[in-house]
Each structure stands twice: as C-alpha cells, then as structure tokens.
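Visitor: First, the structure itself, so that you have it in front of you.
Every read-out reported here was derived from the displayed coordinates using simple, explicitly stated rules and does not represent laboratory data. Just so it is clear, the structure is predicted and the values come from calculations on it, not from any experiment. Note: ideal-geometry Cβ built from the backbone for every residue, glycine included; neighbour counts use all protein chains shown.
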Amino acid sequence: MSHFQVVVIGAGQAGLSTGQQLTHLGLTPGTDFLILDANDGPGGAWRHRWDSLTLGAAHGIADLPGLPAPGGDDATPASTVVADYYGSYEEQFQLAVRRPANVTKVEQDRIFTITLDSGDTLTADIIISATGTWDSPYIPYFPGIDSFQGQQLHTKDYTRAEDFAGKRTLVVGGGLSAVQFLLELEHVTETLWATRRPPDFGVEKQSARWGLDVERRVRERIASGEPPASVVASTGIPARPDYSAGVDRGVLVSRGMFNRVLHDAVVFGEPVAQAKYGWDPLPAGTIESVDVIFWNTGFRHSLAHLAPLKLRNGKGGIDMLDEVRVARNPRVLLAGYGSTASTVGATRAGRRAARAAVELLQNTTN
C-alpha cells in the first residue's frame with residue numbers, strides 16, 4: 001500500500017507507544033497506519049548508544065504500554081536490552097514498521113506526501129512525527145571554534161574511552177552525560193570540565209514534584225513560542241555516592257565556561273560568582289591547552305523533514321495547542337516533542353497523539 005490514514009515517523013519509545021495505542025483504538029497496522037524507521041533494526045536512538053552505557057548507568061529503561069521492560073544485569077549494555085525489548089514489542093503488537101525508511105521531507109496538498117531518501121513516496125491523511133532528537137546534535141558557537149586543530153566530537157560520536165588515551169580532554173556541558181563521561185574518561189585522559197553555571201548536584205529524582213517541575217519549565221517555553229529547552233538539560237544530576245566521590249577527587253568539579261577557542265586551547269571567561277558544590281571556576285583570561293573538545297551540549301528536535309509544512313513561528317519554535325497538536329496544522333501531531341521528550345512523557349505523548357489522530361479521522365468520516 002502507498003496510502004495510509006496515519007503515518008508515524010520514528011520507531012523509538014514515542015513512535016511504538018503511538019502504534020500500540022492506534023491498534024488499541026481499532027486501527028490495523030500495515031493497513032490503516034504504518035510506522036517508518038530510519039534505522040536498520042529496532043531500538044530507536046538506544047540502538048546507537050555506546051557499550052559502556054549499561055543498564056545501571058542509564059538508570060533503567062522506561063516501560064512501553066502493555067509490555068513491561070525486562071530486567072537485567074546492571075552491567076549489560078542498554079543498547080542491547082532496548083533493541084531486544086523494542087523488537088519483541090513490535091512483534092507482540094504486530095506493529096507494521098518499515099525500515100530502513102529515512103524520511104527526507106513531508107509535503108501537503110490535500111493529503112500529505114512523504115518522501116524517503118530512497119526516492120520512494122507514500123501518502124497519508126495524518127502525520128505523527130516521533131523522531132526524537134538523536135539525529136540533531138547541538139554544538140554552540142564560540143569565537144575561534146573553527147580554528148581548533150585538535151579533535152572535536154559530540155556525545156553522539158562517542159565510542160569508547162580508549163580513544164582518548166594520552167590526551168587532555170575538555171568536557172563541555174552540565175548534564176548527566178557529561179558527569180558520566182568524566183568518570184569514565186578519568187583513568188585514560190586528563191579531563192577538564194566546563195559548564196556555564198554551577199552543576200546541579202543532589203537532585204532527588206524520586207520526587208513526583210521534581211518531574212512535574214521539569215515538564216512545567218519546558219511547557220512554559222513552548223507556550224511563549226520559544227523553541228523547547230531540553231528536558232534532560234532541566235533535570236539536574238541525581239544524588240549518588242559515586243558522583244560525590246568524583247567531586248571529592250576533583251574530577252567532577254566545573255572550572256566555569258570558556259568564551260574563546262584557540263588552535264590548541266580555550267580561554268576562560270568571567271565566571272558566575274557563586275559558591276557551590278562541584279564549582280571552582282578559573283579566573284577570566286585563563287588559557288588551558290586541550291587536545292580534545294568533547295561537546296555534551298545536548299540535542300535539538302529532529303524536525304527538518306517537516307520544514308516544507310512551515311510549522312515554525314518567528315521565534316523558531318512551534319506553537320502547540322497542547323502537548324501533541326500543532327496549532328498551524330491540526331493534522332500534524334508531534335509525539336515526544338517539548339515536555340514529552342522525557343522517558344515518562346514519550347509514552348504519554350504516544351497515547352495522546354493516537355487519540356487525537358483517531359478523533360480527526362472520526363470527524364472527517366462524520
């Protein structure tokens with residue numbers, strides 16, 4: 001078939017949750033709706049994570065609706081567990097996933113036309129984009145960044161700690177991934193940590209209020225028309241003994257943020273004047289030689305395929321009617337966008353996007 005009532009773009013947590021809910025609401029996989037996935041196999045973004053990101057380091061994986069996530073040894077690579085789990089999920093709910101199917105653009109006349117990088121096209125009445133952020137790594141601009149003659153890489157590019165052996169590595173970013181990499185790299189490379197603000201250590205993640213506060217902050221940006229801030233960047237760093245020990249050893253101590261890049265070094269700027277745990281900024285003008293700049297600076301939502309639909313406002317954001325419905329085009333739904341980009345929010349977004357899609361189809365029929 002080349003036409004479907006609903007096409008879901010992405011087979012990660014949000015996309016699979018959407019597919020399961022569409023099935024639950026009476027749509028037939030492969031006939032009424034289709035899921036497109038750019039990957040060669042199941043697992044979504046988890047499929048590309050490095051082997052040292054184990055179940056223990058990932059702090060577990062989220063349940064998909066109708067099938068709890070499997071347990072496992074904390075030392076097992078999360079990529080392996082999630083790929084197997086998502087594959088089993090697709091089979092159990094008989095979700096029709098076409099892969100590899102990388103969507104390059106979505107256009108609309110009366111209906112939507114979806115073009116794949118293979119040149120193939122298919123059409124749909126409703127689009128649900130659940131493409132996440134993994135394919136859109138973000139590296140901020142600094143004066144001189146193009147002149148750096150050492151190595152630069154992003155979280156997305158990481159493979160193994162041994163690649164950094166014998167080098168001096170600048171880790172940039174205040175999130176959990178930066179903390180985990182600093183601990184992983186300390187035995188093979190001399191590390192230096194750069195953050196704009198003091199690290200937010202000691203967050204109690206078990207608090208229900210904590211999760212609500214994180215999502216509220218992201219929703220506020222969307223409501224104002226701004227591009228959403230990363231949910232991960234808003235979560236802070238959980239209280240753990242190994243993290244506290246890392247601060248005590250001097251590994252997890254931020255030296256502030258640089259404001260200029262030289263061909264083999266960075267120049268630190270005026271620090272935030274604040275005394276806090278894990279924060280010991282260098283004086284303005286300090287030059288630190290580095291061989292590697294490792295950017296742990298987050299991701300942006302992967303929505304380039306929707307550019308022909310002109311969904312963005314003048315601020316670069318997308319005005320939303322709620323967590324999944326796009327104001328400028330009600331037949332475009334976003335699952336895992338903004339406040340639903342977390343592991344908890346992605347499943348919720350799948351349910352809401354599926355319900356919204358079925359309501360649209362029913363209203364069209366009536």
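Visitor: Listing H301, H263 from the residue with the fewest other Cβ atoms within 10 Å to the one with the most, what is the order?
Guide: H263, H301
Visitor: Arrange S17, S147, S339, S88 by Cβ neighbour counts within 10 Å, fewest through most, would you?
Guide: S147, S88, S339, S17
Visitor: Under 10 Å, Cα contacts only: if you run a Gaussian network model on the chain, which one of R351, R331, R110 comes out with the highest mean-square fluctuation?
Guide: Answer for the Gaussian network model of the chain: R110.
Visitor: Cα gyration tensor of region 48-178, axes a ≥ b ≥ c as square roots of the eigenvalues: rounded (a/c below 1.5), prolate (a/b > b/c) or oblate?
Guide: Oblate.
Visitor: Tell me, what ³J(HN,Hα) does each residue in region 309-314 have, in order and in whole Hz, if you take phi through Karplus 6.51 cos²θ - 1.76 cosθ + 1.60 with θ = phi - 60° and put x for Gly and Pro?
Guide: For region 309-314, the Karplus curve yields 7, 6, 8, 7, 8, x Hz.
Visitor: Right, here's the next one. Report the one residue of V272, T286, I318 whose Cα lies farthest in the direction of the positive end of the charge dipole of region 261-358 (charges on C-beta: Lys and Arg +1, Asp and Glu -1; origin at the Cα centre).
Guide: About the Cα centre, the residue reaching furthest to the positive side is I318.
Visitor: Distance between Cα centroids, region 27-45 to region 75-133: provide it in whole Å.
Guide: 4
Visitor: In a Gaussian network model over the chain where Cα atoms closer than 10 Å are linked, find which of A101, A57, A356 has the largest mean-square fluctuation.
Guide: A57
Visitor: Still on this structure, I have one more. Calculate for the chain the 222 nm mean residue ellipticity that helices alone would give, adding -39,500 (n - 2.57) per DSSP H run of length 4 or more and normalising by residue count, nearest 500 deg cm²/dmol.
Guide: Estimated from H runs of four or more residues: -7500 deg cm²/dmol.
Visitor: Classify the chain as rounded, prolate or oblate, taking a ≥ b ≥ c as the square roots of the eigenvalues of its Cα gyration tensor: rounded when a/c is under 1.5, otherwise prolate if a/b is larger than b/c and oblate if not.
Guide: Judged from the Cα gyration tensor, the chain comes out prolate (a/c at least 1.5, a/b above b/c).
Visitor: Mind checking the dipole of region 1-128: about its Cα centre, +1 per Lys or Arg Cβ, -1 per Asp or Glu Cβ, Debye to the nearest 20?
Guide: 200
Visitor: If you put +1 on each Lys and Arg Cβ and -1 on each Asp and Glu Cβ, how big is the dipole of the chain around its Cα centre, in Debye rounded to 20?
Guide: Around 1140 debye, computed over the chain.
Visitor: Sticking with this structure for a sec: Mind listing the long-range amide H neighbours of Y138? Cut-off is under 5 Å, sequence gap 5 or more, other chains count too, H placed in the peptide plane at 1.01 Å from N.
Guide: Sorted by chain and number, the residues that satisfy this are G298, F299, R300.
Visitor: What is the sum of charges around V324, taking Lys and Arg as +1, Asp and Glu as -1, for the other residues whose C-beta is under 11 Å from the C-beta of V324?
Guide: Taking every other residue near V324 into account, the sum is +3.
Visitor: Provide the per-residue ³J(HN,Hα) series for region 256-273, in order, calculated from phi with Karplus coefficients 6.51, -1.76, 1.60 and θ = phi - 60°, each as a whole number of Hz, with x at glycine and proline positions.
Guide: Result, ordered by residue: x, 10, 7, 10, 7, 10, 9, 5, 9, 6, 10, 10, 7, x, 5, x, 5, 7 Hz.
Visitor: Starting with the fewest neighbours, write out V171, V253 ranked by other beta-carbon atoms found within 10 Å of each beta-carbon.
Guide: Ranking V171, V253 by Cβ neighbours within 10 Å, fewest first, gives V253, V171.
Visitor: Rank V172, A78, H24 by how far each Cα sits towards the positive end of the charge dipole of the chain (+1 on Lys, Arg Cβ; -1 on Asp, Glu Cβ) and give me just the farthest.
Guide: H24
Visitor: Still on this structure, I have one more. Tell me the relative contact order for the chain as a rounded percent, counting alpha carbon contacts under 8 Å between residues six or more apart.
Guide: In percent, rounded to a whole number, it is 22.
Visitor: For the chain, set up a Gaussian network in which alpha carbons nearer than 10 Å are linked by springs, and say which option among G119, G87, G345 fluctuates the most.
Guide: Fluctuation is largest for G119.
Visitor: Hey, another quick one. Given a cut-off of under 8 Å on Cα pairs at least six residues apart, what relative contact order in percent is computed for region 1-100?
Guide: Averaging sequence separation for qualifying contacts and normalising by length gives 36 percent for region 1-100.
Visitor: I need the phi-derived Karplus couplings for region 276-289: 6.51 cos²θ - 1.76 cosθ + 1.60, θ = phi - 60°, integer Hz, Gly and Pro marked x.
Guide: Those phi angles translate into 7, 4, x, 9, 9, x, 7, x, 4, x, 5, 9, 10, 6 Hz.
Visitor: Under 5 Å between amide hydrogens, which residues at least 5 positions from D32 or on another chain qualify, with H placed 1.01 Å from N in the peptide plane?
Guide: Residues meeting the criterion, in which the H sits 1.01 Å from N, do not exist here.
Visitor: Oh, and also: Only bridges with both residues in the chain count here: give the DSSP antiparallel percent, nearest 5.
Guide: Roughly 40 percent of the DSSP beta bridges within the chain come out antiparallel.
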